[in-house]
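The values are calculated or read from the model by the stated rules, or taken from the named source; none is laboratory data. Predicted model, so just to flag it, every value in this text is computed and none were measured. Using ideal geometry, Cβ is built from the backbone for each residue, glycine included, and neighbour counts are taken over all protein chains shown. With ligands, DNA and RNA removed, areas are computed over all heavy atoms of the protein, side chains included. Shrake-Rupley method; radii C 1.70, N 1.55, O 1.52, S 1.80 Å.
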Amino acid sequence: YMFGWAVEKAAEKAGAAGYLIESGGCPPMLAIETDTDCGNHRKKLFKFLEENPHIEKVILAGYWMHYFADEGRYGNQSSISGFDADDFVNLFSNTVEHIVSTGKTVYVLEDTPRVARNLRQAQIVSSLLGREVRVNITRSQYIADNALPEKMLVAADTENYTVVRTMDRMCGASCIARSRNHLYYFDSHHITKHASELFFTDRFFNSIFKND
C-alpha cells in the first residue's frame, strides 16, 4: 500500500486509472494457501487479471523478506509453512511467467532499503535539532542482506518483466531516513506518503503511464 500514494498521484497527473488490490501478509503468488482468507484473496486476484485482458501492466509489491526465514538474510527456508526458499523462488517465477503469458507486462518492486533499528530515536533527535537523518547502505550490503529475495527477483527469466530497484531511486551515497521537514520512514522499512510520492511518482510510475 505504501506505493499506492505514488501510483495515485501519477495516474491523476496522466488522467489514467487502475486498480489497487492488496492484502497484508498475503503474497501475490500462484499456488500459495497461507490461510483461507489469503487463499481466497489470491484466487480472486488472478481471476480478476484473467477476466480483464484490457489491463496491460501489473505491478507486484510486497515485503518479500517476510516470506523467508530470518527475513531473507541467510538459510534456505521460507516463512510460509510447507515451503522452502527454493519452492518460493520457483513459485514466484511461475507467477510472473503466468501473468506475462496472458499478454501483460509485469513490474516487481524490490524491498525498500531497511534503515537503522533505532530509527525512532534518531528521528526524535532530528526533529529537535532540525537535521536530516542519513543511513549508509551500499548496494552490495543491500544485496547481501536481501540474498534470498534477490534470488527470487532475478529468477524470472522472461520478456516483459522488469525489476524496479527501489534503492536506486531512494539513495545516493546514503539513504535519507528523515529530511529536516519530512519523515521518509515510519518504521525500519515502510516509507511514508511523502517519500512514496517523492521517490516513485516521477522516478518510476509517471513513466509507466506515459508509455500507454
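Applying the set (1) within 19 Å of M65 (Cα to Cα); (2) of a type outside the set (A, V, I, L, M, F, W, C); (3) at pLDDT below 85 to P149 leaves exactly one unmet item: (3).
Here V154 clears all of (1) surrounded by 13 or more Cβ atoms within 10 Å (Cβ to Cβ); (2) more than 19 Å from F3 (Cβ to Cβ); (3) among the β-branched types (V, I, T) except the condition numbered (1).
Name every residue in segment 62-95 that is among the hydroxyl-bearing types (S, T, Y), touching an Asp or Glu at 6+ places or on another chain (Cβ under 8 Å) and modelled with pLDDT under 80, in order of residue number.
Of segment 62-95, the ones among the hydroxyl-bearing types (S, T, Y) are 63, 67, 74, 78-79, 81, 93, 95.
Okay, now just the ones that are also touching an Asp or Glu at 6+ places or on another chain (Cβ under 8 Å), so 63, 78, 93.
S78, the sole residue that qualifies.
Against the test of being at pLDDT below 80 and either open to solvent by 80 Å² or more (accessible area, probe 1.4 Å) or in contact with a Leu (Cβ under 6 Å, 6 or more places away or on another chain) (or both), the options N118, N160 yield a single qualifying residue, N118.
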